[in-house]
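All remarks here apply to the structure that follows.
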Amino acid sequence: TGSTEAAQSINRSLARRLGRDGKPLPLIAETGGQNALVADSSALPEQLVMDALTSAFDSAGQRCSALRVLCLQEDIADRVVPLLEGAMAELGVGNPDRLSVDVGPVISTDAQKRLLDHIARMRAAGHRVHQVALPAETQHGTFVPPTLIEIGAVSDLPGEVFGPVLHVLRYKRERMVDTIKAVNATGFGLTFGVHSRIDE
């Protein structure tokens, strides 16, 4: 598990060696994910919000399978985004040894800085940013507030954002296939989700 760069480095190292049988050593690497969930207008908003919240913010978003991009059909976005922001306000942030805490710290000061820098860059670029207020107890530690950032395209993201940051992309119904193609073009493909009550 790690970045694409880490996997390439390991692969280069392995390429200089041969196995006991004299053949090259194979490498299978899971190198992170820019995981997306596509929700169409038939999705149940409350279920969608619960699933998005759980996937994006459990483990402080520090799972390769965590939700990074929530693609909402425009027809439901104005209803779902406020519900999502309201549910985010209910998240407990703090020391994860407490049952009342939903989101703990990120793994290191370097990870915290990368995340805070990403959020600041997105805000400076004009993206709407919504964050949960951090309680006083989190001033000491590597906490990042659960954050929602609205984006205009999947390509607005620089790569995997490994932490409690959820990006929301609104798409027009007739652009669903294009949205999925944009997700596929990122080079990340670990998980993918769909919320729809339409079997097809």
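The values are calculated or read from the model by the stated rules, or taken from the named source; none is laboratory data. Note that this is a predicted model, so its numbers are computed, not measured. Note that we place each Cβ from the backbone using ideal geometry, even for glycine, and neighbour counts take in every protein chain shown. We work out accessible area using only protein heavy atoms, side chains counted, and drop any ligands, DNA or RNA first. Shrake-Rupley method; radii C 1.70, N 1.55, O 1.52, S 1.80 Å.
So the values come out like this:
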| read-out | value |
| --- | --- |
| Gyration tensor over alpha-carbon atoms, the range 53-200, equivalent ellipsoid semi-axes in Å | 27, 17, 15 |
| Electrostatic dipole magnitude of the range 122-185 [Cβ: Lys, Arg +1; Asp, Glu -1; Cα centre; debye, to 20] | 300 |
| Over the range 4-68, relative contact order from alpha-carbon pairs under 8 Å, at least 6 apart, % | 30 |
| Whole-angstrom gap from the range 124-200 to the range 1-51, using each part's C-alpha centre | 18 |
| For Tyr171, residues with placed amide H under 5 Å, excluding near neighbours | Leu72, Gln73, Glu74 |
| Two-site FRET efficiency, Gln62 against Leu14, from Cβ-Cβ distance with R₀ of 30 Å, rounded to 0.05 | 0.65 |
| Length gained when the stretch Ser3-Met176 is fully extended (0.36 nm per residue, less Cα-Cα span) | 59.5 nm |
| Förster-model FRET efficiency, 30 Å R0, Ile198 and Met50, C-beta, rounded to 0.05 | 0.90 |
| Whole-angstrom Cα spans of the range 35-84 along principal axes, big to small | 30, 17, 14 |
| Apportionment of accessible area to carbon and sulfur, the range 1-43, percent (1.4 Å) | 52 |
| Accessible area expressed per residue, the chain, with surrounding protein chains retained (probe 1.4 Å, Å²) | 56 |
| For the range 38-140, alpha-carbon Rg and Dmax in angstrom | 14.6, 43 |
| Helical mean residue ellipticity (222 nm; -39500 (n - 2.57) per DSSP H run of 4+; nearest 500) of the chain | -10500 deg cm²/dmol |
| Sulfur and carbon atoms: percent of accessible area, the range 138-192 [1.4 Å] | 51 |
| Assigned charges on the beta-carbon of Lys, Arg, Asp, Glu; the chain dipole about Cα centre (debye) | 920 |
| Spin-label pair Ala29/Asp97, simplified geometry with 7 Å Cα→Cβ offset, distance in nm | 3.6 |
| Selection from Thr109, Ala52, Gly141, by position along the positive dipole direction of the chain (Cβ) | Thr109 |
| Lys, Arg +1 and Asp, Glu -1 on Cβ, resulting dipole of the range 96-156 about Cα centre, debye, nearest 20 | 180 |
